[in-house]
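What follows is one structure encoded as structure tokens, with my remarks underneath.
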Amino acid sequence: MAVHTDDLAAFIRQLGEGPAHVVGWSYGGAIAIVLTVHYPVWVKSLFVFEPGLATFVTDPADAQGAGEDRKNTRAPAAKGVIFARLTRDLATSRCENDR
């Protein structure tokens, strides 16, 4: 994460336009937060959407809890995707058999 943050700071600096409005999503949100903390001079405003905040958890027990929470949160969506794929594959198979 440090390399990405340093690269982003260097990119903003090379633009030569002063502080930038920074937007980050998911892992990019975590990078944007670290950028703001370590290089506040380059950040005019910050907007993050669904940042990967588990990235900042350093305690192993807390990290495991965050991972399990993330897994439990995504499990219903993953099941829906698998069901949709199976349904699509079954429909495709039936169409091909009807030819």
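Nothing in this text is a laboratory measurement; each read-out follows from the coordinates by a stated rule. Since the structure is predicted, the reported quantities are computational estimates derived from the model, not experimental observations. So basically every Cβ, Gly included, is an ideal-geometry build from the backbone, and we count neighbours across all protein chains shown.
Points to keep in mind about this one:
- For the stretch 1-56, a/c is not less than 1.5, where a ≥ b ≥ c are the root eigenvalues of the C-alpha gyration tensor, and a/b tops b/c. That puts it in the prolate class.
- Two-site label geometry, Ala63 and His38: point separation in nm, points 7 Å out along Cα→Cβ: 1.7
- Relative packing of 30-37, 61-68, which averages over residues the other C-beta atoms within 10 Å, highest first: 30-37, 61-68
- Length added when fully stretched, Glu17-Ser45, from 0.36 nm per residue minus Cα-Cα: 8.7 nm
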